[in-house]
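See structure below.
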Amino acid sequence: MRCFELDGVHFGYGRQPLLQDIGLNLYPGRILGLFGHNGAGKTTTIKLILGLMRPDRGRIRVLGGMPGQPEIARRIGYLPENVVFYPQLTGREILRHFARLKGAHESQVRELLAQVGLTEAGDRRVKTYSKGMKQRLGLAQALLGQPELLMLDEPTVGLDPVATAELYRLLCRLREQGTGIVLCSHVLPGVEPYIDQAAILVDGRVWALGDLPSLREQARIPVRLTVRSRDGEALLNRLNGSVPRLSTLARDSHTIELDVRPQDKMAAIRSLMAAEPEDLQIHQPTLEDLYCHFTGSDRQGGA
Ligand code: ATP
């Protein structure tokens, strides 16, 4: 059973079309990164999966049922982009309230407070919490009831680097246990090591979808090779004609950068190794490079 399936989904607020022909799937034990510029429709897509709104056209199935059904909603965890809690209640009271709504066991409240590092602050009113503490409480709320589908909208906002690393460790553990996870984030280098698939929304459509190797293949962005040699000029002379390359830049007398097509990468590396360089670094296109490519930001000079 898939965590969700969206098939030919169209949605607009009023007459203005926003999402067009969206097709997306998530399987258990996978992390999907959902990316796009501000206003691309990421939060709207999540709200459709939650059943908070209905699509104008198309089909959505969630955990084998229909979005919004109470028994389905209980199996989903959601961290919204801006978490807001009633400020007069303590963190523990808030979690108890959500635990009752979700039918989660009361003992989970204590466990989750500990898991997100709020044991000591658990009995303080939320109005005294810092931004990061509110975000941690939001995460604990999303994890109540051991959700089979977890959707996190900008989960690292406000978290310090240690808490961010802990969050990703936790997500990896949940993935191993079979939870399907959707991560929306603008911090692309942060999420890159953890996602199994990326979906990039542009102009209301899923413009690119796949794991990073397949997106690299589709994008055909050059691979950059940085070579260090005792004698850069001799290395360049030796390479002339033997390595098909798109551009060459001599950074200094010892270091040369070559841009090669992805399909020429191995041939180029073999030629370079034959010249016995001191060092060779391979820079594959990152998620950020791929994002800029698919959204056209690399041509417009900004993300
Ligand atoms: P961000 O990265 O800024 O969080 P997003 O990709 O999550 O953006 P959405 O929040 O899904 O984007 O919004 C998509 C578009 O829909 C935006 O143009 C937004 O102004 C519009 N929109 C969102 N909610 C409503 C609403 N309740 N009524 C009308 N328009 C809305």
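Taken together, the values in this text are just the output of simple stated rules run on the coordinates, not laboratory data. For clarity, every value in this text was computed on a predicted model and none was experimentally measured. Cβ: placed from backbone, ideal geometry, glycine included. Neighbour counts: every protein chain shown.
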> Karplus couplings for the stretch 225-230 from phi (6.51 cos²θ - 1.76 cosθ + 1.60, θ = phi - 60°), rounded to Hz, Gly and Pro as x?
Replying inline: 10, 10, 10, 10, 9, 4
> Residues with amide H under 5 Å of L150's amide H, sequence separation 5 or more or different chain, H placed in the peptide plane at 1.01 Å from N; which?
Replying inline: G77, G180, I181, V182
> Using θ = phi - 60° and the Karplus curve 6.51 cos²θ - 1.76 cosθ + 1.60, what whole-Hz ³J(HN,Hα) does each residue of the stretch 39-49 get, with Gly and Pro shown as x?
Replying inline: x, 6, x, 5, 5, 4, 4, 4, 5, 5, 5
> Roughly what would the spin-label model give for M1 and M66, points 7 Å off Cα along C-beta, in nm?
Replying inline: 1.7
> Build a GNM of the chain with springs between Cα atoms under 10 Å: which of L280, L152, L170 gets the top mean-square fluctuation?
Replying inline: L280
> In bins 10 Å wide, starting from 0, what share of all Cα pairs of the stretch 41-117 does each bin hold, as a percent?
Replying inline: 16, 40, 32, 11, 1
>> Given R₀ = 51 Å, what would the calculated FRET efficiency be for S253 paired with N82, taking r from the Cβ atoms and rounding to 0.05?
In response: 0.45
> What FRET efficiency do you get for T286 and Q16 if R0 is 30 Å and r is their Cβ-Cβ distance, rounded to the nearest 0.05?
Replying inline: 0.35
> When all alpha-carbon pairs of the chain are counted, what percent fall beyond 25 Å?
Replying inline: 57
>> Could you compute how fast the stretch 223-303 diffuses translationally, taking Rh as the Kirkwood radius over C-alpha pairs and applying Stokes-Einstein at 37 °C with viscosity 0.692 mPa s? Give it in µm² per second.
In response: 244
>> For the chain, what does the helix formula give at 222 nm: sum of -39500 (n - 2.57) over DSSP H segments with n ≥ 4, over the residue count, nearest 500 deg cm²/dmol?
In response: -10000 deg cm²/dmol
>> Suppose R0 equals 35 Å. What FRET efficiency, 1/(1 + (r/R0)^6) with r the Cβ-Cβ distance, do M273 and E217 give to the nearest 0.05?
In response: 0.90
> Pick from L249, L174, L79: which residue has the top mean-square fluctuation in a GNM of the chain where Cα pairs under 10 Å get a spring?
Replying inline: L249
> In straight Cα distance, which lysines are under 23 Å from K42, not counting same-chain residues fewer than 8 positions off?
Replying inline: K131, K134
